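Here is the structure we will look at, set down as structure tokens.
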């Protein structure tokens, strides 16, 4: 599930949202009120239950072969996502929906590389929410490895020490170190 050209997506477990009003999320690092969405490249970051902790890593132009092989795996594609075993049932059963928006209502946010798009005004989806479907199948269809670990922390430590692109989402919900 990815946005089409000229669109961004917002993923939610709630299929009843009619309009999105800017707000400051309880987990936000930003103090301004926004509506959040993601582009084509960042959409896979959200093929998870909302509160599921995850570590995401991908090959960049600066990634040496040794880091690619150690983090992603030799010949294993360009991206890997990791979750903890205790989230497998939620990954299997969560019903996730994608809301499509016109991208021109949003602006990129994040430095040095944007990680999302935000709108400062209320926005209405382009249509009804679309079921994302099987979250495992989304990963498989996109060629993204999905690793299941006892704890995310050893992988997080390896990823953050390597020359790869990475993101950690909802890590506060991970098994404690």
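Nothing in this text is a laboratory measurement; each read-out follows from the coordinates by a stated rule. Here the structure is a predicted model, which means the values were calculated and not measured. Cβ placement follows ideal geometry from the backbone for every residue including glycine, while neighbour counts extend to all protein chains displayed.
Taking 0.36 nm per residue of separation and subtracting the current Cα-Cα distance, fully stretching the chain between residue 19 and residue 150 would add 43.3 nm. Taking the average, over residues, of other Cβ atoms within 10 Å as the packing measure, peptides 53-61, 138-146 rank 53-61, 138-146 from highest down. The C-alpha radius of gyration of region 105-177, expressed as a fraction of 2.2 N^0.38 Å, stands at 1.46. With kT/(6 pi eta Rh) evaluated at 37 °C and eta = 0.692 mPa s, and Rh the Kirkwood radius from Cα pairs, the chain diffuses with a coefficient of 193 µm²/s according to Stokes-Einstein.
Each label point was placed 7 Å from the Cα along the Cα-to-Cβ direction; for residue 61 and residue 161 their separation is 2.8 nm. Taking only the C-alpha atoms of region 1-46, the Rg (one decimal) and the largest Cα-Cα distance, Dmax (whole number), read 11.6, 31 Å. Extension gain, residue 4-residue 69: 0.36 nm per intervening residue step, less the Cα-Cα distance, totals 20.3 nm.
Taking every alpha-carbon pair under 8 Å whose residues sit at least 6 apart, the chain reaches a relative contact order of 34 percent.
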